[in-house]
Amino acid sequence: MQFFIDVILPIPLQKLFTYEITPAEAEFLQKGMRVTVPFGKTKIYTALVYEIHQNAPKAYEAKEIHQILDEAPIITQLQLNNWQWIANYYMCSLGEVMRAAIPAAFLLESETLVMLNEKFDNQKALEGDAYLVFEALQQQSPLNVHNISQITNKKNTYKVLSELIKVEAIFLKEEVFERYKPKLVKYVRLQKQYENQAQLNNLLNSMQRAKKQYEVILNYFSLQAQTKKPIKLKLLQEYSSVSHSVITALIDKQIFEIYTQQEDRILNKGLKNELKELNLDQIDALEQIQANFKEKDIALFQGITSSGKTEIYAHLIKETVNQGKQVLYLLPEIALTTQIISRLQNYFGDKISVFHSKYSINERVEVWNNLLHQKSKAQIILGARSSVLLPYTNLGLVIVDEEHETSFKQFDPAPRYHARDTAIVLAKMHNAKVLLGSATPSVESFYNAQQNKYGYVKLDRRFGNVLLPEIELIDIKEKHRKKRMTGHFSDRLLDMIKEALQEKEQVILFQNRRGYAPIVECTTCGVAPQCPNCDVSLTYHKYTNALKCHYCGFQRELPKTCPACENPTLDSKGFGTEQIELELINLFPEAKIGRMDLDTTRGKYGYEKIIESFQSGEVDILVGTQMLSKGLDFSNVSLVGILNADNMLNFPDFRAHERSFQLMVQVSGRAGRAKKRGKVGIQTFNPYHQILQQVTTNNYAQMFKEQCDERYQFHYPPFVRMVKITLKHRDFNRVDNAANWLGKSLVNSFGNHVLGPTSPSVSRIRNLHLKTLLIKLPTNKSVHQSKEIIQKIKDSFQSIAEYRSVRFILDVDNY
């Protein structure tokens, strides 16, 4: 009797693949276990068992699996159902979801090893790179392909290797590598014989002359008495202030012995404090949320900035944890997780695990395993969007904080899912409750609450009855005319900053562009240095004196003369956070100035360092990009300055006005959070713009009504669903022809619901030309039907030989 398994491979292919297994393997294997399987001519992949059956594939002969990697499944059935929903809804393959979800350490990759043929003796036949590689293999065999590319200094090693294979100087071997390494910590203990008191006394007497070694032994007993725990080798060395060789000498004399223990990388403080008392408004909001949860599974919680939403979340988390269920707390930004971790750790101690991309591969594996085995240290998961893909077994509550944030949407690579929507589906599968929290909810969520799909709770008083900040619009058009600008600062904003610094208060300045200047231009001939790989000008970074492309990473030194006319007249246009920081250093030499953007927060603890230094008062003025708008809580900030509100408002996107309103209200909410009413200064060329007027009065309802009217009229979400198709290719003519063919096919099915094909504002990135089409899914057809039509058109498109090399990217709900 033959047995087969269908497996999910971590590659972007739509269907599952079938492999043959033995009856014994069929009995042992379970859905969700990992196996390594051969694929193609030489590759070996890690695959997940999807189904075990006895139906042989019709189109090809099933290969045998390579090996079984697990004793038990590493993913759960509910998790697999969630992945399946993502693949179906966002029109991608299960393999792409698997690659995004599973920590890379679980995906064993095959690595081609190059081995030396010992019998080969015709070295004279080799020259150039081939001889270099052969010589290196004589020193060390085997080498992997990456090593060989370093030796030859060439990315493509195929030519060299095929030359060596031809003369039989080498042979290739595929090997599978396990990438997760448990963390092993070295401990030290006395050898068994010294547990006897008499033996120990003899030892101490004999060691009197070797003073340092004698001290180490005494320190060992001292540490043992203090900690009553096993003693780490590193701790003993630091406590004794001796070099490693002193302890090594004691090990060689067989006085001490070393042993290792596996330790979790995720260590949390075990502190637990009582939850803070809620005020009357918060208690009322909490009771309303609980009442909503009795009737509906999803509630939208609109609490203005600094109203104490996190404390209400903490009470809901405690309630769920006491029932023995798991909690998922989703946050949009890693910067925000660092602040909230410390707040929640105060209440829940070691029940919290954190999961985001700044964590190492091994740390992510440990969170995964802790969740899978339902350990108490992973009862509350705090994380960015990828944490919706983890193996939950008993989810009780999902909190999506700052639910309006675009960071919850994954744009590249596939799966292009929205974490908020995925979390709602995940919660439904677990029969869990979902709380969407925000001071400025997204138009879609607020619309759903109005349609009675979600419960709705509002909290419109700040904690401690602090008033909302006083918002002042500064007309910089007028200031420029009256020559009252100093650099990019108006006289009014400078006065506000001086006032705050005199009162020993802190200031946040917001400019949503990093770098020094977005454009460097020659004042003689008007030429601006462009990126060679993208259709975009290079951004000037003054600290590194380099021009950088923010799309592909290309960088070059700032030329001293114009590359076109060779005049030394290069000048910068526009301004980024770096330029603001340098201007502030000149304007306020006594103040300490910090900057928070992508350039300064690259390391794992980059965010924490900046947030801690600002919180402890080491930094007086913090300049930053939109990272600053995400729910950070600084008690001593009395002033927030927005340096240019116009470039957000004039962005070519149907959500530009909604986003600008959210961003400005959120940034403003960082001011005056403790006792005193804060101030906000917004610099703009158009102070009478309706969105800016709505920001000054915090009028969300009016903004929502205006946006809904416009979107209903022009057919945009929440009234229709949208699918964006992007085509990419190196050859412009090919991508242009492909887009025209695709446009005609889509118009045949969807009529005037198709926009495009058009070139986006940046029409070439990494040497790939881009064309986009937008489909507004008609309301008279089901979403499922429309997607089936799009999938059929995609299959037809890819069956045309000329268009097969064009990359076809589908993005469902692309906003």
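If we count every other residue with Cβ under 15 angstrom of residue 524's Cβ, Lys/Arg +1 and Asp/Glu -1, where does the sum land? Neighbour charge sum, excluding residue 524 itself: -1. Expressed in units of 2.2 N^0.38 Å, where N is the residue count, the Cα radius of gyration of the chain is 1.10. Between the residues 762, 750, 237, the greatest Cα displacement towards the positive end of the dipole of the chain, with unit charges on the Cβ of Lys, Arg, Asp and Glu, is found for 237. Using a cutoff of 8 angstrom between alpha carbon atoms and counting only pairs six or more residues apart, the relative contact order for region 719-814 works out to 46 percent.
Relative contact order, whole percent, for the chain stands at 10, derived from Cα pairs under 8 Å and 6 or more residues apart. A cut-off of 5 Å between modelled amide H atoms, ignoring neighbours fewer than 5 places along the same chain, links residue 509 with 622, 623, 624, 641. Here's the list of aspartates and glutamates a cross-link from residue 744 could span, going by alpha-carbon distance under 16 Å and ignoring same-chain residues fewer than 8 apart: 736, 795. Note on region 456-567: semi-axes of the ellipsoid equivalent to its C-alpha gyration tensor, largest first and rounded to whole Å, are 39, 21, 14. Loop by DSSP (not H, G, I, E, B), at most 15 other beta-carbon atoms within 10 Å: where is the longest site-free stretch of the chain for GluC sites (Glu not before Pro)? Segment 278-502 is the longest. Charge tally around residue 687: other residues with Cβ under 10 Å, Lys/Arg +1 each, Asp/Glu -1 each, net -2.
Over the alpha-carbon set of region 611-765, divide Rg by the Kirkwood Rh and report the Rg/Rh ratio to two decimals.
Working: Rg = 21.1 Å, Rh = 19.0 Å.
Result: Rg/Rh = 1.11.
Converting the Cα gyration tensor eigenvalues of region 705-810 into ellipsoid dimensions via √(5λ) gives semi-axes, longest first, of 26, 17, 10 Å.
Computed from backbone phi, the HN-Hα couplings of region 615-622 come to 5, 7, x, 5, 10, 8, 10, 10 Hz, rounded to whole numbers (Karplus: 6.51 cos²θ - 1.76 cosθ + 1.60, θ = phi - 60°; Gly and Pro given as x). In this structure, the amide hydrogen of residue 722, modeled 1.01 Å from its nitrogen in the peptide plane, lies closer than 5 angstrom to those of 777, 813, 814, counting only residues at least 5 positions away or on a different chain.
Residue by residue, region 552-558 carries 3J(HN,Hα) couplings of 10, x, 4, 8, 8, 6, 5 Hz when phi is fed to the Karplus relation 6.51 cos²θ - 1.76 cosθ + 1.60 (θ = phi - 60°); x denotes Gly or Pro. Whole-Hz Karplus values for region 522-535 come out as 7, 6, 7, 10, x, 7, 10, x, 10, 6, x, 9, 10, 8 Hz, taken residue by residue from phi with 6.51 cos²θ - 1.76 cosθ + 1.60 and θ = phi - 60°; glycine and proline positions read x. Surface exposure of the chain, expressed per residue as accessible area with a 1.4 Å probe, stands at 48 Å². Summary of the geometry: region 421-491 and region 210-232, compared by the centres of their Cα atoms, lie 57 Å apart. Each semi-axis of the equivalent ellipsoid for region 272-405 is √(5λ) with λ an eigenvalue of the Cα gyration tensor; in descending order they amount to 24, 16, 15 Å.
The spacing between region 677-737 and region 1-41, judged by their C-alpha centroids, is 47 Å. Applying both filters, DSSP loop and at most 16 other Cβ atoms within 10 Å, to the trypsin sites (Lys or Arg not before Pro) of region 333-403 gives 375. Unpaired cysteine residues in the chain (no second Cys Cβ under 4.7 Å): 92, 552, 708.
What number, rounded to the nearest 500 deg cm²/dmol, is the helix-based mean residue ellipticity at 222 nm of the chain, given -39500 (n - 2.57) per DSSP H run of at least four residues and division by all its residues? Walk me through the intermediate numbers first.
Numbers: 26 runs with 290 residues, N = 815.
Computed ellipticity for the chain at 222 nm equals -11000 deg cm²/dmol.
In percent, rounded to a whole number, the relative contact order of region 362-422 is 27, using alpha-carbon pairs under 8 Å and six or more apart. Taking only protein heavy atoms and a 1.4 Å probe, the accessible area of the chain is 48% carbon and sulfur. Taking amide H positions as modeled 1.01 Å from N, with prolines and chain starts lacking one, the residues under 5 Å from residue 550 and 5 or more places away or on another chain are 539. One equal scatterer on each Cα of region 488-547, no solvent, Debye formula: the resulting log10 I(q)/I(0) at q = 0.12, 0.15, 0.25, 0.28 Å⁻¹ is -0.51, -0.67, -1.04, -1.15. Neighbours of residue 167 by Cβ distance under 13 Å: Lys/Arg scored +1, Asp/Glu scored -1, total -1. Placing +1 on each Lys and Arg Cβ and -1 on each Asp and Glu Cβ, with no other charges, gives the chain a dipole about its Cα centre of roughly 400 debye.
Once you reduce region 337-416 and region 541-620 to the center of their Cα atoms, the two points are 32 Å from each other.
The values are calculated or read from the model by the stated rules, or taken from the named source; none is laboratory data. Note that the structure is a prediction, hence the values are computed from the model and not measured. Backbone-built Cβ (ideal geometry, glycine too); neighbour counts: all protein chains shown. Areas reflect the complete protein model, heavy atoms only, side chains present, ligands, DNA and RNA absent. Shrake-Rupley method; radii C 1.70, N 1.55, O 1.52, S 1.80 Å.
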